[in-house]
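Asker: Sending over a structure as structure tokens; questions will come in a sec.
The values are calculated or read from the model by the stated rules, or taken from the named source; none is laboratory data. Predicted, not measured: the structure shown is a model, and the values here were computed from it. Every residue, glycine among them, receives a Cβ derived from its backbone with ideal geometry; neighbour counts consider all protein chains shown. Heads up: the accessible areas ignore ligands, DNA and RNA and are worked out on the full protein's heavy atoms, side chains in. Shrake-Rupley method; radii C 1.70, N 1.55, O 1.52, S 1.80 Å.
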Amino acid sequence: MVVRVLLLTSEYPPYVWGGLGRYSYEVSQELKKYCEVDVLNILTYYTPFTNLESGFDSYEVVTDGKNRVINILNKEMIKLFKEKTISISDDLGIVQNLFEKLTKILNKKYDIIFVQDFYNSLVAVFLLMNNFAKKMVSVCHLPLYAGFTYFDKPVSDEFQQLLESLLIKHSCKVVVPSLFTKRVLIQVYSINPEDIFVIPLGVRFKKVSELGVNENPKREKDKNTINILSVMRFTEQKGLIYVIDVLNELKKRKINFAYNIVGKGLRENDFNSLVSKFSLSPHIRHTKFTKNIFSFYKMSDIYLSVSSYETFGLSVLEAMSYECVPMAFNVGALNELIQNNNSGFLVEVNDTERLVEYIECLSLNPNKLYEMKKSAANYAKNFSWKVHVNKLLEVFRSCLE
């Protein structure tokens with residue numbers, strides 16, 4: 001039996017802001033090998049579309065053989081999340097209007113609605129209740145209190161809990177990326193642990209020849225220079241102040257380093273002010289957006305993560321797969337991904353001095369750096385999108401049985 005899947009998300013290329021968009025793309029591409037897959041991408045952040053219909057809902061449909069990618073821009077839905085309010089009657093009215101449009105666009109029934117985040121829970125439940133699919137499976141990438149709250153989310157805790165509860169109540173099964181995330185869900189919601197499936201994320205392996213044209217990451221050719229990378233949103237949760245502490249101490253110790261940071265966000269100006277204050281500009285290159293993040297991983301020796309929480313750490317895994325040694329705070333699920341003192345280093349939150357010591361150690365011991373780079377890459381081979389999707393298919397089939 002060919003399983004028909006509607007992957008419902010709020011991020012999908014080219015409208016991508018973070019790991020959710022990457023996940024939606026990788027999983028949909030792998031699922032297409034085994035299922036009929038349509039992607040319904042309902043944006044909850046404003047992104048200008050091109051060549052789209054004007055009016056209450058703008059949308060575009062991109063076909064890929066029998067599969068479709070449907071991108072929808074709903075201005076009322078965007079306003080709802082920006083105002084961070086809860087008004088059930090108004091919210092349901094917005095979704096009802098959107099649903100009427102969807103019935104004409106989709107005109108197809110599915111076996112599984114595969115929901116990627118709580119933003120689309122209202123739409124998902126409407127589709128399920130109106131028999132557009134037999135069952136619903138949801139993924140909780142960043143559940144409430146995963147970091148015992150996080151700072152840059154666009155909705156209130158109350159609103160998030162409402163939307164998450166809807167997903168969990170109506171989902172046949174719930175998928176999470178780590179044991180840490182499963183523990184959070186069990187604590188926050190009344191949910192049977194047997195209905196939560198831990199399926200670690202995957203990584204896409206590419207040969208160096210397939211990486212394409214790189215975007216000139218700042219890499220020093222001097223063999224005595226250590227090349228450090230971070231990929232992050234510029235928010236409080238990602239710990240930008242700790243990055244400055246680490247780099248400033250490296251500078252004081254006269255350690256040769258080059259630092260690439262990829263990302264953008266609300267705290268860019270704050271970061272740039274600190275870079276200027278401590279005269280770190282000669283060591284840093286900031287890239288706001290790249291179509292080829294893999295070339296940055298390949299050109300780096302160390303991946304620096306100073307997040308206050310991570311429910312998996314996709315960029316950490318991707319860096320490891322390209323022989324980049326991860327160094328991170330021991331938070332969330334990172335201790336499920338990094339083997340301390342083997343494939344990387346974990347330190348307690350705020351312990352930037354220990355991070356500096358590890359960076360200095362590897363910069364002075366090229367053999368140790370080489371060994372850890374190989375260990376990181378070897379451990380990353382345990383993760384793949386093929387394995388991830390095969391486990392997803394088991395979950396789908398158990399629901400349909």
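Asker: Here is a check on your reading of the model: is Thr235 within 21 Å of Leu314 (Cβ to Cβ) and open to solvent by less than 30 Å² (accessible area, probe 1.4 Å)?
Answerer: Spelling it out, Thr235 is indeed within 21 Å of Leu314 (Cβ to Cβ) and open to solvent by less than 30 Å² (accessible area, probe 1.4 Å).
Asker: Can you pull out every residue in the stretch 331-344 that is over 20 Å from Pro143 (Cβ atoms), open to solvent by 10 Å² or more (accessible area, probe 1.4 Å) and without any contact (Cβ under 8 Å) to a residue 40 or more places away in the chain?
Answerer: Answer for the stretch 331-344, where residues must be over 20 Å from Pro143 (Cβ atoms), open to solvent by 10 Å² or more (accessible area, probe 1.4 Å) and without any contact (Cβ under 8 Å) to a residue 40 or more places away in the chain: Asn340, Asn341, Asn342.
Asker: Is one or more of the residues making up the stretch 238-250 in contact (Cβ under 8 Å) with a residue 40 or more places away in the chain, among the acidic types (Asp, Glu) and either open to solvent by less than 30 Å² (accessible area, probe 1.4 Å) or touching a Pro at 6+ places or on another chain (Cβ under 6 Å) (or both)?
Answerer: Scanning the stretch 238-250, I find no residue that is in contact (Cβ under 8 Å) with a residue 40 or more places away in the chain, among the acidic types (Asp, Glu) and either open to solvent by less than 30 Å² (accessible area, probe 1.4 Å) or touching a Pro at 6+ places or on another chain (Cβ under 6 Å) (or both), so the answer is no.
Asker: Still on this model: Quickly run through the stretch 139-165 and pick out the residues that are in contact with a Ser or Thr (Cβ under 9 Å, 6 or more places away or on another chain), within 16 Å of Thr181 (Cβ to Cβ), outside any helix (DSSP H, G or I) and at pLDDT 70 or above.
Answerer: Cys140, His141, Leu142, Pro143, Ala146 - these are the residues of the stretch 139-165 that are in contact with a Ser or Thr (Cβ under 9 Å, 6 or more places away or on another chain), within 16 Å of Thr181 (Cβ to Cβ), outside any helix (DSSP H, G or I) and at pLDDT 70 or above.
Asker: Just a yes or no: is a residue in the stretch 169-189 at pLDDT below 90, outside any helix (DSSP H, G or I) and touching a helix residue (DSSP H, G or I) at 6+ places or on another chain (Cβ under 8 Å)?
Answerer: There is at least one residue in the stretch 169-189 that is at pLDDT below 90, outside any helix (DSSP H, G or I) and touching a helix residue (DSSP H, G or I) at 6+ places or on another chain (Cβ under 8 Å).
Asker: Just need a number here: residues in the stretch 349-382 that are outside any helix (DSSP H, G or I) and either under 21 Å from Asn335 (Cβ atoms) or open to solvent by less than 40 Å² (accessible area, probe 1.4 Å) (or both).
Answerer: So the count comes out to 5.
Asker: Closer than 22 Å to Pro13 by Cβ, of a type outside the set (Lys, Arg) and either part of a loop (DSSP other than H, G, I, E, B) or modelled with pLDDT under 90 (or both): which single residue out of Phe296, Phe289, Phe271 fits that description?
Answerer: Phe289
Asker: Could you name every one of the helices (runs of 4 or more DSSP H) located completely within the stretch 20-130 that has at least 1 residues being aliphatic (A, V, I, L, M) and at pLDDT 80 or above?
Answerer: Result: 88-106, 121-129.
Asker: Answer yes if at least one residue in the stretch 302-318 is touching a residue at least 24 places away in the same chain (Cβ under 8 Å), surrounded by fewer than 21 Cβ atoms within 10 Å (Cβ to Cβ) and out of contact with any Gly (no Cβ under 7 Å at 6 or more places or on another chain), and no otherwise.
Answerer: Within the stretch 302-318, not a single residue is touching a residue at least 24 places away in the same chain (Cβ under 8 Å), surrounded by fewer than 21 Cβ atoms within 10 Å (Cβ to Cβ) and out of contact with any Gly (no Cβ under 7 Å at 6 or more places or on another chain).
Asker: Could you look through the stretch 12-30, keep only residues that are in contact with a helix residue (DSSP H, G or I) (Cβ under 8 Å, 6 or more places away or on another chain) and crowded, with 24+ Cβ neighbours inside 10 Å, and pick out the one that is farthest from Asn131 (Cα to Cα)?
Answerer: Tyr23
Asker: Quickly run through the stretch 161-202 and pick out the residues that are surrounded by fewer than 22 Cβ atoms within 10 Å (Cβ to Cβ) and polar (S, T, N, Q).
Answerer: If the condition is that a residue be surrounded by fewer than 22 Cβ atoms within 10 Å (Cβ to Cβ) and polar (S, T, N, Q), then Gln161, Ser165, Gln187, Ser190, Asn192 are the ones that fit.
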